[in-house]
Amino acid sequence: MLAPVARALAIALLVTVIARRARALSVDGAIAAAFVGTLALLAGWNWGVLLILHFASSSGLSRFGVTKKATRTKSVIDKGGERDAMQVIANGGVFAMAALLAIVDREHAMRWAALGIGALAASASDTWATEIGTLVGGPPRSILGFAPVPFGMSGGVTLAGSIAALAGAALVGLLALAFGFSNRVALAAFVGGIAGSTLDSMLGATLQLRRRCDRCDCTTERRIHDCGTRTRHADGLAWLDNDVVNLICGAAGGLLALAMTG
């Protein structure tokens, strides 16, 4: 048993070191990613490769058009650049839990695969919607009521972002199919991915924490606004920040996919 663990850990560490050197992960983010990656590889090579490709595609999209996106969202988004441990857990925690369940319960491994891949599809759907919608989409509108919202504000949607959300979930489903997971799991993951990212937008428009910069008289998600002023809690639940919403999004997508596979 020690040999597979050592091999999985070595591969996970290698990937996270590369990601760290590429400035895709912070130090604590790399540690969290190594843990998630080790569990994925112990569950099966296809789990590990799927996770790596998801992370690579998401990181690539984050870097594409980064200057334009930063200009559009700098007054709103609290985190950017390197992913920290909370972001890794928010986007990969459910997948890691599903991998662990698949390791200890091989008899129902495909069901746990649906849970994990559904969560991954939700993360991909949300990430693709955000990155592509911010870059090429028109002015975003709230998913509830369609009132205009600033670029980067949670709960905002664009046509380009909505199409990207479908594409992100579809990519994860197709990769799952290509790597030996069943048609049923792949389809359930796609549906769960769309549902999860839609829930993400709904929570972002209703219950997610919003802050306010009194100096600039604007709503933001940043604790320190880009003007340098500390912001205050203005609306939403104080504990429901973007990371928590992303975790809920992944759990919802995974649980729906799990329910669909029976």
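The values are calculated or read from the model by the stated rules, or taken from the named source; none is laboratory data. All values derive from a computational prediction rather than experimental measurement. Heads up, the Cβs are rebuilt from the backbone with ideal geometry, glycines too, and the neighbour counts pull from every protein chain shown. With ligands, DNA and RNA removed, areas are computed over all heavy atoms of the protein, side chains included. Shrake-Rupley method; radii C 1.70, N 1.55, O 1.52, S 1.80 Å.
Brief remarks on what is shown
- Residues in region 203-262 that are under 19 Å from residue 169 (Cα atoms), touching a residue at least 60 places away in the same chain (Cβ under 8 Å) and of a type in the set (Val, Ile, Thr): 245, 261.
- Residue among 182, 154, 197 that is in contact with an Asp or Glu (Cβ under 6 Å, 6 or more places away or on another chain), open to solvent by less than 60 Å² (accessible area, probe 1.4 Å) and among the small types (Gly, Ala, Ser): 197
- A single entry from 164, 109, 113, 124 fulfils the requirement of being under 29 Å from residue 39 (Cα atoms), of a type in the set (Gly, Ala, Ser) and open to solvent by 10 Å² or more (accessible area, probe 1.4 Å): 109.
- Hits in region 53-71 - residues which are among the charged types (D, E, K, R), in contact (Cβ under 8 Å) with a residue 60 or more places away in the chain and open to solvent by 50 Å² or more (accessible area, probe 1.4 Å): 68
- Selection within region 164-205 - within 15 Å of the chain's Cα centre (by Cα), more than 12 Å from residue 253 (Cα to Cα) and of a type in the set (Phe, Trp, Tyr): none
- Enumeration of residues in region 165-188 that are under 10 Å from residue 125 (Cβ atoms) and among the hydrophobic types (A, V, I, L, M, F, W, C): 165, 166, 167, 169, 170, 171, 172
- Residue ID - nearest to residue 226 (Cα to Cα), chosen from residues in region 76-88 that are open to solvent by less than 70 Å² (accessible area, probe 1.4 Å) and outside any loop (DSSP other than H, G, I, E, B): 83
- Residue check for residue 141: more than 19 Å from the chain's Cα centre (by Cα), modelled with pLDDT of 95 or more, over 23 Å from residue 85 (Cα atoms) and not hydrophobic (A, V, I, L, M, F, W, C): yes
- Given (1) of a type in the set (D, E, K, R); (2) open to solvent by 30 Å² or more (accessible area, probe 1.4 Å); (3) in contact (Cβ under 8 Å) with a residue 24 or more places away in the chain, index of the condition residue 141 fails: (3)
- So residue 122, is it within 23 Å of residue 156 (Cβ to Cβ) and in contact with a Cys (Cβ under 6 Å, 6 or more places away or on another chain): yes
- Residue within region 34-52 that is closer than 17 Å to residue 258 by Cα, part of a helix (DSSP H, G or I), in contact (Cβ under 8 Å) with a residue 24 or more places away in the chain and in contact with a His (Cβ under 8 Å, 6 or more places away or on another chain) present: no
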